[in-house]
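Structure, as structure tokens:
The values are calculated or read from the model by the stated rules, or taken from the named source; none is laboratory data. Since this is a predicted model, take the numbers as computed values, not measurements. Glycine also receives a Cβ, built like all others from the backbone with ideal geometry; neighbour counts cover every protein chain displayed.
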Ligand code: ATP
Ligand code: MG
């Protein structure tokens, strides 16, 4: 026998038992997005590598070491499996001139790819829902993006998700802060790990994003961005906070929050939980006014966020496995020559009436078919033998309680099942 082929490391199958939780999650999120007037956009999973290098930034974890990048062997193109959706979404908006029609509220979802060390809540293929508001400059949209998050956690029944916010100011403020931070890091070189030492001069803000526990005290004592902020950014940040307070959304200012990607400015935020160990960030985003121009578009302000689907599903009440699996309304068992065409007709007739019907496949005795009916989770079995066929009827048998089975016409089944 040949060796079985396994999935690629860090890339998971979602099995049918777990898929019920995914469907619940996706349906809840879609309804919530509609409620806020966001429209779906679907982008390819494969993009030119340049798109991510130019948007996410050269000196970032993602571009330095996490991208699945390869050369198309047929034409030599340098391609990358998308590690996130914001850059693709902005690319699509530019390419199709979406912003000429005015500001756009958009969302996307799907798999993302990062070559990280797989562990709980961290995979090489994972899924995001992303929300992007393009062409809107004010603090109102930042607040909307945050406030809508708070509603989603309620819709999903999730407690214990907390909000952290910060501001990165404008480009000049960041330059001032950068200089001060480099000076601080230079004077504390001994406490820096290899990554931090390497990045200290190219991308010092990223050092604050380090997850190395040995560096946390040093990061804690670093100078704060807030002290270098420009007036307009400070005002913007205060307005965001005012809108959050008006909406009753609690938040904590975390001056160490810088986000791992290059393109953010002004507002940044993360929704975090303590229930997932080290992988505690379930949703992260902020404003990225420079990105559209950076990848060749006419300058346009933008803000958005992305949430990690696997992490949120892991938080669903009772664990993902307790979302009830989808069961059919009825399971049709049948046996006999005359029964066969009748059973097929009845199954379609019940589906016409809006019912979820699983038709027994593979033959076998009534007894073995009834075992399958039981295993399907259906509350009723529709039983069809030659007697039923001759009478143009079915036997309806309740599977989950002690009620008696009844002989009825097929058209009466929906009312009896739903009643
Ligand atoms: P982290 O700090 O955990 O590495 P990140 O800052 O790299 O996260 P973002 O790029 O902001 O993550 O992605 C948004 C969200 O997507 C994260 O908050 C997280 O919930 C989820 N996410 C990111 N990387 C992974 C991964 N490898 N596996 C599962 N979920 C992930
Ligand atoms: Mg990461």
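Can you name the number of the only condition in (1) assigned to a helix (DSSP H, G or I); (2) touching a residue at least 24 places away in the same chain (Cβ under 8 Å); (3) away from ligand 1 (no atom under 16 Å from the Cβ) that residue 27 fails?
Of (1) assigned to a helix (DSSP H, G or I); (2) touching a residue at least 24 places away in the same chain (Cβ under 8 Å); (3) away from ligand 1 (no atom under 16 Å from the Cβ), only one is false for residue 27: (2).
For residue 104, which of the numbered conditions (1) within 16 Å of ligand 1 (Cβ to nearest atom); (2) in contact with a helix residue (DSSP H, G or I) (Cβ under 6 Å, 6 or more places away or on another chain); (3) touching a residue at least 12 places away in the same chain (Cβ under 8 Å) fails to hold?
The one condition residue 104 does not meet is (1).
So residue 52 ticks every box in (1) surrounded by fewer than 19 Cβ atoms within 10 Å (Cβ to Cβ); (2) within 12 Å of ligand 1 (Cβ to nearest atom) but one. Which box is left unticked?
(1) is the only condition that residue 52 fails.
Collect the residues in the stretch 78-98 that are in a loop (DSSP other than H, G, I, E, B) and loosely packed, with under 15 Cβ neighbours inside 10 Å, keeping them in residue-number order.
Those that are in a loop (DSSP other than H, G, I, E, B) and loosely packed, with under 15 Cβ neighbours inside 10 Å: 96, 97.
For the subset of the stretch 121-137 comprising residues that are out of contact with any helix residue (DSSP H, G or I) (no Cβ under 8 Å at 6 or more places or on another chain) and in a loop (DSSP other than H, G, I, E, B), which member is farthest from ligand 1 (Cβ to nearest atom)?
That would be 137.
Could you say whether any residue in the stretch 1-10 is at pLDDT below 95 and within 30 Å of residue 199 (Cβ to Cβ)?
No: zero hits.
Which residue pairs have Cβ atoms closer than 8 Å, lie 6 or more positions apart in sequence or on different chains, and pair a first residue in the stretch 54-67 that is closer than 17 Å to residue 122 by Cα and in contact (Cβ under 8 Å) with a residue 12 or more places away in the chain with a second residue that is away from ligand 1 (no atom under 12 Å from the Cβ) and outside any loop (DSSP other than H, G, I, E, B)?
67/49; 67/80; 67/81
Which one of these does residue 277 not meet: (1) within 16 Å of ligand 2 (Cβ to nearest atom); (2) surrounded by 15 or more Cβ atoms within 10 Å (Cβ to Cβ); (3) in contact (Cβ under 8 Å) with a residue 60 or more places away in the chain?
Going through (1) within 16 Å of ligand 2 (Cβ to nearest atom); (2) surrounded by 15 or more Cβ atoms within 10 Å (Cβ to Cβ); (3) in contact (Cβ under 8 Å) with a residue 60 or more places away in the chain one by one, residue 277 breaks only (2).
Say we look at the stretch 59-77 and pick out the residues that are more than 16 Å from ligand 1 (Cβ to nearest atom) and in a loop (DSSP other than H, G, I, E, B); which of these is surrounded by the most Cβ atoms within 10 Å (Cβ to Cβ)?
It comes out as 77.
One line per residue, one yes/no per condition, for (1) within 34 Å of the chain's Cα centre (by Cα); (2) at negative phi; (3) at pLDDT 95 or above:
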position	(1), (2), (3)
322	yes, yes, no
329	yes, yes, yes
348	no, yes, yes
351	yes, yes, yes
357	yes, yes, yes
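Every residue in the stretch 197-229 that is surrounded by fewer than 17 Cβ atoms within 10 Å (Cβ to Cβ) and closer than 23 Å to residue 145 by Cβ, please.
226
Could you check the stretch 11-38 and list, in sequence order, the residues that are modelled with pLDDT under 95, more than 18 Å from residue 122 (Cα to Cα) and surrounded by 11 or more Cβ atoms within 10 Å (Cβ to Cβ)?
Scanning the stretch 11-38 gives 17, 19, 20, 21, 23, 24.
Filter the stretch 270-318 for residues that are part of a loop (DSSP other than H, G, I, E, B) and within 16 Å of ligand 1 (Cβ to nearest atom) and give the result.
Hits for the stretch 270-318 are 273, 274, 275, 276, 277, 278, 279, 280, 288, 316.
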